[in-house]
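The values are calculated or read from the model by the stated rules, or taken from the named source; none is laboratory data. Since the model is a prediction, treat every value here as computed from it, not as a measurement. Positions of Cβ are backbone-derived with ideal geometry, glycine not excepted, and every protein chain shown enters the neighbour counts.
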Amino acid sequence: MTALDRQVRTAAALALATALAGCATMEGGSAPSKSDPLEPWNRAMYAIHEPLDTNIVRPIAQAWVDYVPRPVQSAVHTFFGNIEDGFSALNGLMQGKWEKAGNDLGRITVNVFGLGLIDIATDAGIPKGDEDFGQTFGFWGVPQGPYLFVPLIGPTTVRDGTGLVIRYYLGPVTYVVNDVPLRNVLYFLGGLDLRAQALEASSMVDRAAIDRYTFIRRAYLQRREYLVHDGNPPKKEDDE
Amino acid sequence: MNRMLAIVRRALAVGACALLAAAPAFAQEAPDALVKRVSQEVLEIIKADPKVQAGDQARIREVIESKLIQHFDFLRMTALAMGRNWAKATPEQQKRLADEFRSLLVRTYSGALVQYRNQTIELKPMRAEATATDVTVRTEVVRPGQSPVQIDYGMAKGADGWKAYDVIVGGVSLVTNYRDEFNEQIRQGGVDALINALAARNKGGPGK
C-alpha cells in the first residue's frame, strides 16, 4: 500500500464518516427529502462539482458548440449515438419493447450508410429508443434508491448509477481501441459531446432555479420517472 | 333625428349581441385547438421577427406578455408549486407569490423562446371527454436533425375559457419542479422568506 493509497483511503473514510454524521444530524432540525437521504453528502459533492463544471467543463463544451464546425460536432455526436443506440436496443429487448428495439437496430443499420458519422436515421424520422440499464431496472420494479450527485458525472441515483457502472464496463471503446492516445481522445470527445448535449438544460437551470442543487435533483428524478414509463408516468399527488 | 338615433341604437344592439354570441364561442375553443393556435402564432412571430431572433429580451418579453400570458393561470400554478404550503399563505401573500412566480416563469420562458426557431409543433391526439374540465394537451416539438421534445400542457376550464396550469417539458413539470425549493425556503423562514427569495431572484440575482 503506497502512501498515496493510504491518503485516498483515509480521505474516503473521512468523507463517509462525514456523510453519516450529516445524516444523523439531519434527523433533528431539517426535513430531508425522502428521495435524498444523503443530502449533506450530495451537497458536498455538488460543491466540488459546481466550480469544476462552471469554470472548466462547461466553457470547453460551450466553445465546442460555438466554434467547431457543425458537421464535425454532429459526426462526433452520431458516432457515439450509434453505440448508445446499440445499448438502447439491448435494453429495449430486456423490457420486451420490441418496437423501440427495432427502431434502434434500424437506426444503426441505416446509419451504416452514413459511415456511422452522418445521422441519416434521425433525418429519416426513425426515433431513438433512449433506453438504458437504469430504465430496465426500473421497468422490472427496482426502485430508484437514494439520490446521488457525482462530481463531473452529475445527478443519478443508486439504481441509475448502477446502470451507468454496468454501461461503463461494457465499453466498447475500452476493448476495441488499443491505441492509448486515440482511446483517450475518444473518451474526451465522448464526454465533451455528453456535456454539450446538456448545455441547453444548464442555461435553463441558470434562468429558472432558486437553489440549483434542489432544482436539478427534482428535474432529474422527474425526467427518469418519465423515461421509465415511456412518457406516461402514473399521476400522483406528490406532496412531500 | 330620432330615426337616426333608433338606427344607431339598433346597430349597437346588434353589435352587442354579436359580441355576446362571439365571446362564449371563443371561450369554448377546445384546449388542444387553443394550444395549436397560440403556439403557431408565437412560432410565426419568432420566425418573422428579427429582434426576437437577435435575442432582444425586451421584445421577447413583449411577445410573451401579449400572446401567452393570458392563457396561463398563475394563481393555480403557484398553488401547485407550493403544494400543501399554499394553505399557510394569507391571500395577500398568495397574490405576491403568484406575481413573483409569474415574473420568474416569464423570464425562464423568454430565455427559452429564442431556441424555438426552425421548429414545428405537432399535436398528439387528445383523449378527453367533451365534458372534461381538466385535460393534458400533448405536443411534440420537432427540430430538424434532433430528437423531438415532448411538451405537455395541463389545462383546466374556468369561467373565462381554458387556461394552462402546468407545462411539462420532456417529463419535467416546470411547476412542480419548484416544490422542493419552495418547501425548503418556507421551512427555513416561512412564506415571507420564499417571497423575498423569489423577489431577489427576479431582480436579477443569481440562484444559489
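Yes/no matrix, rows are residues, columns are (1) in a helix (DSSP H, G or I); (2) modelled with pLDDT of 90 or more; (3) farther than 23 Å from residue A:193 by Cα:
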site	(1), (2), (3)
A:1	no, no, yes
A:6	yes, no, yes
A:10	yes, no, yes
A:21	yes, no, yes
A:32	no, no, yes
A:47	yes, yes, yes
A:61	yes, yes, no
A:72	yes, yes, no
A:77	yes, yes, no
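Report whether or not residue B:146 is part of a helix (DSSP H, G or I), under 27 Å from residue A:201 (Cβ atoms) and within 9 Å of chain A (Cβ to nearest Cβ).
no
Which numbered condition trips up residue B:152, out of (1) touching a Lys or Arg at 6+ places or on another chain (Cβ under 6 Å); (2) in a helix (DSSP H, G or I)?
(2)
Filtering region B:149-175 down to residues that are acidic (Asp, Glu) and closer than 23 Å to residue A:201 by Cα, which residue is surrounded by the most Cβ atoms within 10 Å (Cβ to Cβ)?
B:152
Hey, could you check region B:107-143 for residues that are out of contact with any helix residue (DSSP H, G or I) (no Cβ under 6 Å at 6 or more places or on another chain) and aliphatic (A, V, I, L, M) and say which is farthest from the other protein chains (Cβ to nearest Cβ)?
Per the criteria, the residue is B:130.
Could you tell me whether region A:154-163 includes any residue that is within 14 Å of another protein chain (Cβ to nearest Cβ) and more than 24 Å from residue A:106 (Cβ to Cβ)?
Scanning region A:154-163, I find at least one residue that is within 14 Å of another protein chain (Cβ to nearest Cβ) and more than 24 Å from residue A:106 (Cβ to Cβ), so the answer is yes.
Restricting to region B:70-97, give me the number of residues that are free of Cβ contacts under 8 Å to residues at least 60 places away in the same chain and within 15 Å of residue B:174 (Cβ to Cβ).
3
When the residues of region B:110-130 are filtered to those that are among the aliphatic types (A, V, I, L, M) and within 16 Å of residue B:67 (Cβ to Cβ), which remaining residue is surrounded by the fewest Cβ atoms within 10 Å (Cβ to Cβ)?
B:114
How many residues, within region B:43-74, are assigned to a helix (DSSP H, G or I) and under 27 Å from residue B:97 (Cα atoms)?
16
Out of the residues in region B:20-36 that are assigned to a helix (DSSP H, G or I) and surrounded by 12 or more Cβ atoms within 10 Å (Cβ to Cβ), state the one that is modelled with the lowest pLDDT.
Of everything passing the filter in region B:20-36, B:23 is modelled with the lowest pLDDT.
Can residue B:122 be described as under 27 Å from residue A:197 (Cβ atoms) and touching a Pro at 6+ places or on another chain (Cβ under 6 Å)?
Criteria not met by residue B:122.
Among the residues of region B:185-202, which ones are buried (at least 20 other Cβ atoms within 10 Å of the Cβ) and at the interface with chain A (Cβ under 10 Å from one of its Cβ atoms)?
B:185, B:194, B:197, B:198, B:201
Given the condition in contact (Cβ under 8 Å) with a residue 24 or more places away in the chain and within 14 Å of chain B (Cβ to nearest Cβ), answer yes or no: does some residue in region A:228-236 qualify?
Yes, region A:228-236 contains at least one residue that is in contact (Cβ under 8 Å) with a residue 24 or more places away in the chain and within 14 Å of chain B (Cβ to nearest Cβ).
Every residue in region B:76-97 that is away from chain A (no Cβ under 14 Å) and over 21 Å from residue B:203 (Cα atoms), please.
B:76, B:89, B:90, B:91
Filter region A:116-142 for residues that are closer than 21 Å to residue A:230 by Cβ, out of contact with any Ser or Thr (no Cβ under 9 Å at 6 or more places or on another chain) and in a loop (DSSP other than H, G, I, E, B) and give the result.
A:125, A:126, A:140, A:141
One line per residue, one yes/no per condition, for (1) closer than 23 Å to residue A:66 by Cβ; (2) out of contact with any Phe, Trp or Tyr (no Cβ under 9 Å at 6 or more places or on another chain):
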position	(1), (2)
A:152	yes, yes
A:163	no, no
A:174	no, no
A:195	yes, no
A:208	yes, no
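One line per residue, one yes/no per condition, for (1) acidic (Asp, Glu); (2) more than 23 Å from residue B:184 (Cβ to Cβ); (3) in contact with a strand residue (DSSP E or B) (Cβ under 8 Å, 6 or more places away or on another chain):
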position	(1), (2), (3)
B:68	no, yes, no
B:80	no, no, yes
B:95	no, no, no
B:107	no, no, no
B:112	no, yes, no
B:115	no, yes, no
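Identify the single condition in (1) facing chain B (nearest Cβ under 8 Å); (2) within 16 Å of the chain's Cα centre (by Cα) that residue A:206 does not satisfy, given that it satisfies every other one.
(2)
Have a look at A:53, A:85, A:36 and point out the one that is free of Cβ contacts under 8 Å to residues at least 60 places away in the same chain and either assigned to a helix (DSSP H, G or I) or within 18 Å of the chain's Cα centre (by Cα) (or both).
Exactly one residue qualifies, and that residue is A:85.
Tell me which residues, restricted to region B:81-112, are within 30 Å of residue B:47 (Cβ to Cβ) and over 13 Å from the mean Cα position of the chain (by Cα).
B:111, B:112
Given the conditions (1) in contact with a strand residue (DSSP E or B) (Cβ under 7 Å, 6 or more places away or on another chain); (2) within 14 Å of chain A (Cβ to nearest Cβ); (3) acidic (Asp, Glu), report the number of the one that residue B:100 does not fulfil.
(1)
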